[in-house]
Amino acid sequence: MKHNKQLLTLALLAASAFTAQAKDDVLVYLNQVGYYPDEEKVVVVEGINAKEKMQVTDANGNVVLTPSVARTAVSPWSKKSRSIIDLSALSAPGRYTLKGKKFQSDIEVKPRAFHDVSVASLKLFYLIRTGVPIEAAYAGKYARPVGHPDTRVMVHPSAASKGRPEGSYICSPLGWYDAGDYNKYVVNSAFSIGLMLGVYEQNKDYFDHLDTNIPESKNATADLLDEIMFNMKWLFTMQDPEDGGVYHKLTTPNFEDFIMPTDCHQQRYVVAKSVTATLDFAAVMAQMARLMKGNRDYPEFAWQAEDAAKRAYDWAKANPKAFYFQHILSRNFKPAVNTGTYGDGNAKDEFFWAATELYKLTGDDAYLNDAREAMPEKFTVPVWGSLAGLGAFSWLAAKDCDIRQTMLNQLKEYCEKTVANVETSNFQAPYGDKQTDFGWGCLAEGCCCSAVALLYADRYISPGKYRRFAIENADYVLGRNATGYCYVTGFGKKSPMHPHHRISDADGIDEPFPGMLVGGPNPMQQDKGPNLTYSSNYPDESYVDDKNSYASNEIAINWNASLVSLLCWIDALKQ
């Protein structure tokens, strides 16, 4: 049974740990959610003198610290000068105020600083479930009736087979809405699951006792696994029972407008099988089968998932060039499909991840040999289109062998390079000083996923060395950045109010779903036009809180999975 249950209330989510007052263009950037008593506490202030006299007072007005500027950082793009102030000496929990000549800012220090935002980031997956009503008992004012039951999904001509001809129907309910749209994509679902399952394995006790107040919370299974199971039930339906191949996605031909799910009426289709979707499916089925063996809430799942994983892997081996190229499919089949692609022309990384998980599940040397053949030459942060990192994470927790040692060496090299320039960075973080740090989904892929890699290294390579740097990246996401936004909805004094998310825009509620991570600054500005302008072209400031900004302000399950993975791991370390 679960213990220490905590209900996630909207009032709690709206609570802010940060206020700031400044004059004459003095700007304060800090983690708006809170700092841990025993960790680094850095505040960045723009527009003050390097010799500024400051003080920190406690809730009673007593001066407890007289900090000075530790160093000055100059933006490589805007050339703005910023002062780095270290308040790490504040070790007692409480609310404090940092005061300077022309500014003051509140700071909170608390033992479970990231707990509430961690719970909200995971609870978001309940709020975006499809095919079931979202109930007030679990969602409060965000309750809504069932949308997209997906009980009559048409087989697109690109997906037709002998047993399932073009125009026939299948039943494919449940799962999560993928992003700001209403479609469901195997590739991104599998990546999101794989990333979170890896972190679950590292922090089982934490997740086994974490209550997110979902319909399954009273059973004996961790809420994280229950939530993943809701999506796994949908994934099962995406495998063709005839040959084991997996459809790439379930989608409408075109994106729906900004309307509620119950107002959507386009026909939904399953579209072409692909080698990448099939391998991703095989990987998460094998991974979940291993973790769910003996689970009494889902007693048949493990053997069903193992069988599905093996059949999918066999299909992928027989169809290694079955890539999903939407532009080609749309030329050859009607209706044309114009929704998210998740296309990928290289499956070596997917083979590595799937072979790894099947080997760990079965012990079959054939999978081990395949993993060796597909092993990457260097560690790369896992993202939906580059999944070797998920295989690397899985090997870190495996028995000693040549692959594990290679993965450790690759991860160490990556982490050492990642943290090398923190002491000269603009916001005291490994992330945020290179132009390549910014782009589509950068806060997840570049910031959170990189920090998760640092946490793996902290556990398996140099315990205690890399944790600080992972928390610094979390600080960046939570407000210590060039825009001053806490990029997680519902938290901090300044957070996104208009994400590119159809339900949040159409439900008539002022506040968006809490716990969503937006994509973040994107200097490419692919959505820029007459109805959308950016206030800045600097890479780290190229963000706009507007529902039309799919390039900087959309949400997505893979991005939230990275947030869950980072914040919950840190929260687990502090419980």
| task | Tell me which residues, restricted to region 147-181, are open to solvent by 10 Å² or more (accessible area, probe 1.4 Å) and either free of Cβ contacts under 8 Å to residues at least 40 places away in the same chain or touching a His at 6+ places or on another chain (Cβ under 6 Å) (or both). | result | Pro149, Thr151, Arg152, Ala160, Pro165, Glu166, Gly167, Ser168, Tyr169
| task | Could you tell me which numbered condition Thr251 fails, if it satisfies all but one of (1) under 26 Å from the mean Cα position of the chain (by Cα); (2) farther than 28 Å from Ala143 by Cα; (3) crowded, with 21+ Cβ neighbours inside 10 Å? | result | (2)
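Which of the following residues is in contact with a Cys (Cβ under 8 Å, 6 or more places away or on another chain) and β-branched (Val, Ile, Thr): Thr212, Thr151? Reasoning before the result, please.
Details: Thr212 fails: in contact with a Cys (Cβ under 8 Å, 6 or more places away or on another chain).
Being in contact with a Cys (Cβ under 8 Å, 6 or more places away or on another chain) and β-branched (Val, Ile, Thr) holds for just one of Thr212, Thr151, which is Thr151.
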| said: Can you confirm whether Arg144 is more than 25 Å from Ser549 (Cβ to Cβ), among the basic types (Lys, Arg) and touching a residue at least 12 places away in the same chain (Cβ under 8 Å)? | reply: no
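Against the definition (part of a helix (DSSP H, G or I) and either under 25 Å from Thr341 (Cβ atoms) or among the hydroxyl-bearing types (Ser, Thr, Tyr) (or both)), how does Ala289 come out, yes or no?
Working: part of a helix (DSSP H, G or I): yes; either under 25 Å from Thr341 (Cβ atoms) or among the hydroxyl-bearing types (Ser, Thr, Tyr) (or both): no.
Against the criterion (part of a helix (DSSP H, G or I) and either under 25 Å from Thr341 (Cβ atoms) or among the hydroxyl-bearing types (Ser, Thr, Tyr) (or both)), Ala289 does not qualify.
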| query | under 19 Å from Leu195 (Cα atoms) and not hydrophobic (A, V, I, L, M, F, W, C), is that true of Gly441? | reply | yes
| query | What residue, of Ser565, Ser495, Ser536, Ser504, is under 19 Å from the mean Cα position of the chain (by Cα), open to solvent by less than 30 Å² (accessible area, probe 1.4 Å) and over 27 Å from Val452 (Cα atoms)? | reply | Ser504
| field | Options Lys101, Lys79; residue that is without any contact (Cβ under 8 Å) to a residue 40 or more places away in the chain and surrounded by fewer than 20 Cβ atoms within 10 Å (Cβ to Cβ) | value | Lys79
| task | For region 120-130, state whether one or more residues are closer than 30 Å to Leu224 by Cβ and loosely packed, with under 13 Cβ neighbours inside 10 Å. | result | no
| message | Looking at region 452-509 only, could you name the residues that are farther than 29 Å from Glu413 by Cβ, in a loop (DSSP other than H, G, I, E, B) and among the polar types (S, T, N, Q)? | response | Thr483, Thr489, Ser495
| Counting just the residues of region 104-119 that are surrounded by 23 or more Cβ atoms within 10 Å (Cβ to Cβ) and more than 30 Å from Ile48 (Cβ to Cβ), which one comes out nearest to the chain's Cα centre (by Cα)? | Ser118
| Hey, among the residues in region 24-38 that are at pLDDT 95 or above and open to solvent by 30 Å² or more (accessible area, probe 1.4 Å), which one's nearest to Leu90 (Cα to Cα)? | Asp38
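Conditions tested, residue by residue: (1) open to solvent by less than 50 Å² (accessible area, probe 1.4 Å); (2) in contact (Cβ under 8 Å) with a residue 40 or more places away in the chain; (3) within 23 Å of Val186 (Cα to Cα); (4) not small (Gly, Ala, Ser).
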position: Glu357; (1), (2), (3), (4): yes, yes, yes, yes
position: Asp365; (1), (2), (3), (4): no, no, no, yes
position: Trp395; (1), (2), (3), (4): yes, no, no, yes
position: Met407; (1), (2), (3), (4): yes, no, no, yes
position: Gly446; (1), (2), (3), (4): yes, yes, yes, no
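Considering only residues that are assigned to a helix (DSSP H, G or I) and hydroxyl-bearing (Ser, Thr, Tyr), which ones fall in region 375-408?
Just the residues of region 375-408 that are assigned to a helix (DSSP H, G or I), to begin with: 388-396, 402-408.
Result: Ser394, Thr406.
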| Selection from region 409-423 of residues that are in contact (Cβ under 8 Å) with a residue 12 or more places away in the chain and either outside any helix (DSSP H, G or I) or of a type in the set (Phe, Trp, Tyr) (or both) | Tyr414, Asn421
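Take the conditions buried (at least 20 other Cβ atoms within 10 Å of the Cβ) and within 27 Å of Thr212 (Cβ to Cβ) and apply them to Glu541. Does it pass?
On the way: buried (at least 20 other Cβ atoms within 10 Å of the Cβ): yes; within 27 Å of Thr212 (Cβ to Cβ): no.
No.
Anything in region 211-228 that is within 30 Å of Thr278 (Cβ to Cβ) and open to solvent by less than 10 Å² (accessible area, probe 1.4 Å)? List them, or say none. I'd like the intermediate steps shown before the answer.
Restricting attention to region 211-228, the residues satisfying the condition of being within 30 Å of Thr278 (Cβ to Cβ) are 214, 216, 221-228.
Ile214, Thr221, Ala222, Asp223, Leu224, Leu225, Asp226, Glu227, Ile228 - these are the residues of region 211-228 that are within 30 Å of Thr278 (Cβ to Cβ) and open to solvent by less than 10 Å² (accessible area, probe 1.4 Å).
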| Quick one: in region 368-387, which of the residues that are touching a residue at least 40 places away in the same chain (Cβ under 8 Å) and open to solvent by less than 50 Å² (accessible area, probe 1.4 Å) is farthest from Val199 (Cα to Cα)? | Gly385
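Mind checking which residues of region 424-444 are open to solvent by 70 Å² or more (accessible area, probe 1.4 Å) and without any contact (Cβ under 8 Å) to a residue 60 or more places away in the chain?
To start, the set of residues in region 424-444 that are open to solvent by 70 Å² or more (accessible area, probe 1.4 Å) comprises 424, 434-436, 440.
Within region 424-444, Lys434, Thr436 meet the criteria.
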| query | Which residues, counting only those in region 458-470, are under 19 Å from the mean Cα position of the chain (by Cα) and open to solvent by less than 10 Å² (accessible area, probe 1.4 Å)? | reply | Ala470
| Quick check: is even one residue across region 183-200 assigned to a loop (DSSP other than H, G, I, E, B), open to solvent by 30 Å² or more (accessible area, probe 1.4 Å) and not aromatic (Phe, Trp, Tyr)? | no
| message | With the condition being within 30 Å of Ser542 (Cβ to Cβ) and of a type outside the set (Asp, Glu), I'd like the strands (runs of 3 or more DSSP E) fully within region 65-172 carrying at least 1 qualifying residues. | response | 69-74, 81-86, 94-99, 103-109
| task | Identify the residue in region 510-533 that is outside any loop (DSSP other than H, G, I, E, B) and farther than 23 Å from Thr436 by Cα and, among all such residues, is most open to solvent (accessible area, probe 1.4 Å). | result | Gly529
| message | Quick test for you: out of Lys317, Lys310, pick the one residue that is in a helix (DSSP H, G or I), open to solvent by 40 Å² or more (accessible area, probe 1.4 Å) and under 20 Å from Thr237 (Cα atoms). | response | Lys310
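The values are calculated or read from the model by the stated rules, or taken from the named source; none is laboratory data. Everything numeric here is computed off the predicted structure, so don't read it as measured data. Don't worry about glycine lacking a Cβ; one is built from the backbone with ideal geometry, like all the others, and counts go over all protein chains shown. These accessible areas exclude ligands, DNA and RNA; they are computed on the full protein's heavy atoms, side chains included. Shrake-Rupley method; radii C 1.70, N 1.55, O 1.52, S 1.80 Å.
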